[in-house]
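Worksheet: one structure, shown below.
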Amino acid sequence: MGTYIAAINEMLAKEIAELPHAVFYGENIDTGSRISGLARNFKAADSSLLINAGDCEYTHCGVGFGMMLNGATAVLFVKQLDFMLLGMDHFVSTYQAIRAHRDFSTLGSFTIIVVSYDQGYQGPQSSFNALGDMCSMARVPGYTLTNIQDSAYIIRTQLRQPGFRFISLSQRHSPKELLQVDLVCVDKNASVFQYTEGSRATVACFNFSMPEGMLLHKKLLERGLSSSVFSVNNVFPRDWSAILRSVARTGHLVVLDDSKSINLLGYTLLHEAAEAVPGSQRIIVTREAEVDFGVCPDSFEIDYDALASWLLGRTSKRPAVA
Amino acid sequence: MNTRETIARQALELEMIRLRHWQHIMNEDLKKKLFQIPIHVAFGSEAIAVSVSNVMTGNDQLVLTHRNMAYNLARAGALKPVYEEYKLSQAGVSRGRMGSMNMVNPARGVVYSSSILGNNLSVACGLALAKRVNGDPGVVIVTTGDGAMEEGGFYEALVFAKSQRLKLMIIVENNNHSMSSTIEQRRCNIAIDRMCQAVDVRYTFLSSNDVFEYVLALSQFRAETVEQARPVCVEARLALMNQHAGPTPGWPTDPMNVDIKNGLVVREASEDPLYVLRETMGEHAFRDVADQVASERWN
């Protein structure tokens, strides 16, 4: 299958070649490294355009919404999520004004495919890793690609959907193999993907933490504990019923959220689980809250042994992982 | 002048005077504070609004700013649907959903209006790019102002539109104000002609407030953007009567004391397009049309 970035690029190239009356654009998408391989070998259909655009991110975002207004398909490729801070006005204000009066089904499609720099050591300005915060401010959906199943499903279904969304890739997963997993189920809005079914723990993974969730699942299996692993996207309205049903069965919820934010969506799931399943045991694993502002690691460390001990009830003390 | 030209001139005269009169009607309700939403009247921008509306053809689209009253009235060709929108009524031109600053009228080509300065320029580029990819022959016309063009989005839009060969007409309404500050009070001079020259975008400057001249100039520029597939930029000098964001016309702080009971307000200077029109038509003919408009039932 190849690396995460190569495999996703292959899926994108196939989808893009089949989209008519579309514009695919972004900086360096048709020259040089093609955004480190993300946009390699793209060929647009005869009625579509592939545009190697200049450095004007604010305008790129407005252009996408203008195209959407006129029923066309626009896909913008972006090297780093922090570049998209320049487009927040359009995500929040422009899209709000469009949604206020237009029948959704008459809109074209606008997708931003962007890499989140979640691996650290890229400099202070590259430490923005909070897709969920952007989605929340603008009330727009955001999907993270973490494995072969969600990547294929989201790319196949979302690039043709009316309206706007983010699809984000992880820089830290880029050099690794794309994770091969089986899919148990996915809801119709692609807000929640389920990959395993277990009886002892429910593991809900936010942002790009799904591979860590699968590793936790494996380590728990080694200790004789089965778990249900979900990955959760920033989709509103959300349907978390499958996760809550699982928590009701397992009695234990582990939330993994590797976003760099103090407003994690994972906290909302903890709250909803507390209300829906009183008496359930819940824990969240996040990044360090107090991170250095300078060049630093952006690591997401999980003490799997401590989590396993907590789930086995060998310690009543919550592990110091959150 | 042949018959067709005479009819066309008379239609423009009627539109200009109606536009001023309709703004008076809404201004009276504004003085009485009958609207829940902020409303920006545009006494003084009739010539550019009427001429833009007149040069638009079937597939053209118009993208506006928060101060869109004159354009929306000109495109709607009626006061009631715009007035009802200000009242947030279902009968409004945007079904009461958009209010004043984001008012749209897709059936008449007004597809997007933005209350964020400079925001609409890139959206207009996207509309024009969609036309290109869909093989739509229409032009996108976008308005901005001497304040909004200070935003980086103005320069970005020029570059993007030129690079992508977009059929886009940018209208810069230069009324010398951003909120309450004049250009001199807030920034250095910006030579828009030279900005356009730097990126090889055709530019023209309109300042006569003569609607007949404006229609001709905009028609030529529209033809140029279609034939050459390149953006054009028009800077139009205009003077709003309430100093842009000054007192609501007719409020106690308004030095002009604008009141519909006194008939159409006309500033005795060439910066007022209605003054220019009256000079062209003659006092008597102007008053006849104004009387006719005043007697029309609008609601």
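Determine if the stretch A:75-92 includes at least one residue that is within 13 Å of chain B (Cβ to nearest Cβ), at pLDDT 95 or above and in a loop (DSSP other than H, G, I, E, B). Checking the stretch A:75-92: not a single residue is within 13 Å of chain B (Cβ to nearest Cβ), at pLDDT 95 or above and in a loop (DSSP other than H, G, I, E, B). Per the conditions (1) modelled with pLDDT of 95 or more; (2) outside the structural domain of A:GLY71 (by TED's automatic domain parsing); (3) closer than 25 Å to A:GLU18 by Cβ, the sole criterion not satisfied by A:ASN189 is (1).
Residue-wise test of (1) modelled with pLDDT of 90 or more; (2) surrounded by 13 or more Cβ atoms within 10 Å (Cβ to Cβ); (3) outside any strand (DSSP E or B); (4) touching a Leu at 6+ places or on another chain (Cβ under 8 Å).
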position	(1), (2), (3), (4)
A:ARG238	no, yes, yes, no
A:LEU253	yes, yes, no, yes
A:GLU272	yes, yes, yes, yes
A:PRO278	yes, no, yes, no
A:GLY294	no, no, yes, no
A:GLU301	no, no, yes, no
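Out of the stretch A:1-24, which residues are surrounded by 22 or more Cβ atoms within 10 Å (Cβ to Cβ), within 14 Å of another protein chain (Cβ to nearest Cβ) and not β-branched (Val, Ile, Thr)? Scanning the stretch A:1-24 gives A:ALA22, A:PHE24. Within the stretch A:27-68, the only residue that satisfies the criterion of being at the interface with chain B (Cβ under 9 Å from one of its Cβ atoms), aliphatic (A, V, I, L, M) and in a loop (DSSP other than H, G, I, E, B) is A:ALA53. Only a single criterion out of (1) charged (D, E, K, R); (2) more than 20 Å from the chain's Cα centre (by Cα); (3) assigned to a loop (DSSP other than H, G, I, E, B) is not satisfied by A:ARG99, namely (3).
Here is a yes/no grid of residues against (1) assigned by TED's automatic domain parsing to the domain that holds A:PRO297; (2) under 19 Å from A:ALA276 (Cα atoms); (3) touching a strand residue (DSSP E or B) at 6+ places or on another chain (Cβ under 9 Å); (4) not basic (Lys, Arg):
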residue	(1), (2), (3), (4)
A:THR196	yes, no, yes, yes
A:ARG200	yes, yes, yes, no
A:PHE206	yes, no, yes, yes
A:LEU220	yes, no, yes, yes
A:VAL247	yes, yes, yes, yes
A:GLY251	yes, yes, yes, yes
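Residue-by-condition table, conditions (1) surrounded by 15 or more Cβ atoms within 10 Å (Cβ to Cβ); (2) at negative phi:
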{"position": "B:MET195", "(1), (2)": "yes, yes"}
{"position": "B:TYR203", "(1), (2)": "yes, yes"}
{"position": "B:PHE212", "(1), (2)": "yes, yes"}
{"position": "B:LEU216", "(1), (2)": "no, yes"}
{"position": "B:ALA223", "(1), (2)": "no, yes"}
{"position": "B:ALA229", "(1), (2)": "no, no"}
{"position": "B:LEU240", "(1), (2)": "yes, yes"}
{"position": "B:GLU271", "(1), (2)": "yes, yes"}
{"position": "B:ASN299", "(1), (2)": "no, yes"}
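Restricting attention to the stretch B:1-40, the residues that are assigned to a loop (DSSP other than H, G, I, E, B), aliphatic (A, V, I, L, M) and at pLDDT 90 or above add up to 3.
The values are calculated or read from the model by the stated rules, or taken from the named source; none is laboratory data. This one's a predicted model, so the numbers in the text were calculated from it and none came from an experiment. All Cβ positions, glycine included, derive from the backbone under ideal geometry; neighbour counts span all protein chains shown.
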